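Input: a single structure, listed below in structure tokens.
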Amino acid sequence: MLLTNGVTTVEGSAGGGLSSWAVIPGMETDHGVGISAFVTGLSLRDFRLEAHGIAIGIRNRLALSYARQNFNTLSAGTALGLGHGYTFRQDVTAAKLRLFGDEVYGPAWLPQVSVGAEFKHNLNGAVVRLVGARQSAGTDFTASATKLMLGQSVLIDTTFRLTKANQFGLLGFGGDRRAGRRAEFEGALGYQLSRRLVVGAELRTRPDNLGFARETGAHDLFVAWSPQRHVTVTGAFVDIGPVATLRPQRGAYLSLQITT
């Protein structure tokens, strides 16, 4: 079924744009292998994020993914003392395992449940330590439950994430306020207007580890459209809150996903 494998998060895993879901990428059955590739752009008030990557789904059970994130500071880089257009870069390698349940089929009370791990390596180690991060690499652990209620055309996801990432890891991991992982919540609600079109919203809470820069939760309103079986286009209005002492960052998100 179209859109039931979700789209791709900015970290490369299958789900929404901000939140990881229990779904496995690709369009494979229990006996096949699927591949998904994506490119995403997020234009904020003072910054620009570009992410791209690839994911493999194996027998609708195991997912392996890789994503590169490039966070351009534009003119804000000068105000932050980094230089105009300074870019933070991060690699995210992830794995996800479906434990039980099915997103679409089976009892309505039994969701698809998956667990995952995302290893993040920030390529600007010296700079993120300078702003107070404890480390330039870290691993997030996730547990997700996702269900599409066909009769109501409603998709619900709940995810818990153990993380110490600052701004998704783009500003390193841990800080002077907190050093260790803490549990954060991600949630998504979608409504299928048709088999090719979904609208919805996401919420993602995040740790506030750095004393110099307050970090809040992020949320979005999105629309995902599948013009044909192997292509999905997602647009959204995104608010990720303040970044590195600057005003709340809001803007437009656009993502293209190709799936087999």
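Take the Cα radius of gyration of the stretch 115-245 and divide it by 2.2 N^0.38 Å, N being the number of residues; the result is 1.21. Using C-alpha pairs below 8 Å separated by at least 6 residues, the relative contact order for the chain is 17 percent. Applied to the stretch 37-44, the Karplus parametrisation 6.51 cos²θ - 1.76 cosθ + 1.60 on θ = phi - 60° returns per-residue 3J(HN,Hα) values of 10, 9, 9, 9, x, 10, 9, 9 Hz, with x for Gly and Pro. The loop-placed chymotrypsin sites (Phe, Trp or Tyr not before Pro) in the stretch 101-201, going by DSSP, that have at most 14 neighbouring Cβ atoms within 10 Å of their Cβ come out as Y105, W109.
Once backbone amide H atoms are built at 1.01 Å from N, N209 has no partners under 5 Å, excluding neighbours fewer than 5 places away on the same chain. Using every pair of separate Cα atoms, the Kirkwood estimate puts the hydrodynamic radius of the stretch 64-163 at 16.2 angstrom.
Among the trypsin sites (Lys or Arg not before Pro) in the stretch 140-204, those located in a DSSP loop and surrounded by at most 16 other Cβ atoms within 10 Å of their own Cβ are R177, R178, R195, R196. Calculated [222 nm] ellipticity per residue, helices only, for the chain: -500 deg cm²/dmol; basis is -39500 (n - 2.57) per DSSP H run with n ≥ 4, divided by all residues, nearest 500.
Only lysines eight or more places from K164 in sequence, or on another chain, were considered; those with a Cα closer than 16 Å are K120. Considering only Cα atoms, the convex hull volume of the stretch 1-96 works out to 82 Å³ per residue.
Direction-averaged projected area, Cα convex hull, the chain: 12.0 nm², rounded to one decimal.
In the distance distribution for the stretch 157-203, Cα-Cα pairs more than 16 Å apart total 55 percent.
Rule-based calculations on the coordinates, nothing more; no lab input. Please read these numbers as outputs of a predicted model, since none were measured by experiment. All Cβ positions, even for glycine, are placed from backbone atoms using ideal geometry, and neighbour counts span all protein chains on display.
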